[in-house]
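The values are calculated or read from the model by the stated rules, or taken from the named source; none is laboratory data. Source: prediction; values computed, not measured. Glycine gets a Cβ as well: all are built from the backbone with ideal geometry, and neighbour counts include every protein chain shown.
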Amino acid sequence: MDGPLRPTKRPRLALFELASCAGCQLQILNCEDELVDLLQLVEFVYFKEAISETGNEYDIALIEGAVTREADETRLRAIRERAPLVITLGACAHPVGIPGLKNAHDSEEPGRLVYGDAAGYFPSTLARPVDAIIPVDAHIPGCPIHKDEFLSVVTALLVGRRPPIPGYPVCVECRLAENPCAFDRGALCLGPVTRAGCGALCPSYGSRCYGCRGPADDPNVSSFEALLEKNGLNAEDVLAEYVLYNGYRALGDQALTMEVSR
């Protein structure tokens, strides 16, 4: 990025939703103390969870949710044509999150389970991340996103800097928090291969990392394999856990299509 956006005016933000729970949108609204300051810097022109007004001109498009319909593809391409910057919010938009679980089933089964006899009124495709359809400029990871990270990304964009998303694994933050290793508690933790930035939230509360922030940039795979072997685990055990949030990335669109067609 060469410089700040629209330096003489407040950049216009539009927040669009696809298949998701709207949790990432709610995290933005949870920026209660910071919202007044944020709105001095930017203008929301589309945000269904917060405002009734709509605008078709925007500088930054924020997109939450996975692509699960053909109509989503058309909508995304129209958004990309209008928006100088496109940012995805949360695991559903990237890598594909919980909506991706439907990809391991017959393509019509999820519709029947949810809508019954009315399933034909709600056509659906394999779940895909936003960047499988259009180019994306940045991803804010997490399930849901962290409000502080959202604010830091927006601030970076306003001044023309690259968004400060960590690339190292969650284990770094676990060490900094002085957490006992989840493997020592008998848990299969995905922290060694998952992108940090959450402050090791789940392990810090006695749980384990489920991989919701997607893969770290350069994880120490050999060390992770040795850790798995030490605990009587293997790659298949990890894959079974990894697909909870990362099924599309772990198996690939073609592999998922082949599996569904069997």
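Going through region 163-175 one residue at a time, which ones are closer than 20 Å to Gly214 by Cβ and either at pLDDT 90 or above or in the same structural domain as Ala61 (by TED's automatic domain parsing) (or both)?
Ile165, Pro166, Gly167, Tyr168, Pro169, Val170, Cys171, Val172, Glu173, Cys174
So that you can scan it fast, the table gives a plain yes or no per residue for (1) of a type in the set (Ser, Thr, Tyr); (2) within 18 Å of the chain's Cα centre (by Cα); (3) more than 30 Å from Thr125 (Cα to Cα):
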{"position": "Ala14", "(1), (2), (3)": "no, yes, no"}
{"position": "Ser20", "(1), (2), (3)": "yes, yes, no"}
{"position": "Leu29", "(1), (2), (3)": "no, yes, yes"}
{"position": "Leu39", "(1), (2), (3)": "no, no, yes"}
{"position": "Phe44", "(1), (2), (3)": "no, no, yes"}
{"position": "Glu49", "(1), (2), (3)": "no, no, no"}
{"position": "Thr54", "(1), (2), (3)": "yes, no, no"}
{"position": "Tyr58", "(1), (2), (3)": "yes, no, no"}
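Are there helices (runs of 4 or more DSSP H) fully within region 1-120 with at least 1 residues that are charged (D, E, K, R)? List them.
32-41, 70-82, 109-115
Within the set of pairs 6+ apart or on separate chains, which have a first residue in region 115-133 that is without any contact (Cβ under 8 Å) to a residue 40 or more places away in the chain, a second that is of a type in the set (Asp, Glu) and surrounded by 13 or more Cβ atoms within 10 Å (Cβ to Cβ), and C-beta atoms under 9 Å apart?
Pairs that qualify, where the first residue is without any contact (Cβ under 8 Å) to a residue 40 or more places away in the chain and the partner is of a type in the set (Asp, Glu) and surrounded by 13 or more Cβ atoms within 10 Å (Cβ to Cβ), are Ala119/Glu108.
Since Glu149 meets every condition but one in (1) crowded, with 17+ Cβ neighbours inside 10 Å; (2) acidic (Asp, Glu); (3) closer than 26 Å to Leu233 by Cα, which condition does it not meet?
Condition (3) is where Glu149 drops out.
So, restricting to helices (runs of 4 or more DSSP H) that lie completely within region 152-235, which ones have at least 1 residues that are of a type in the set (Val, Ile, Thr), within 30 Å of Gly65 (Cβ to Cβ) and more than 19 Å from the chain's Cα centre (by Cα)?
Per the criteria, 170-176.
May I ask you to say which residue of Ala240, Ala156, Ala200 is modelled with pLDDT of 95 or more, hydrophobic (A, V, I, L, M, F, W, C) and under 30 Å from Ala22 (Cβ atoms)?
Unique residue meeting the criteria: Ala200.
Search region 121-146 for residues being of a type outside the set (A, V, I, L, M) and assigned to a helix (DSSP H, G or I), and hand back the single one that is surrounded by the fewest Cβ atoms within 10 Å (Cβ to Cβ).
Ranking the candidates gives Tyr121 first.
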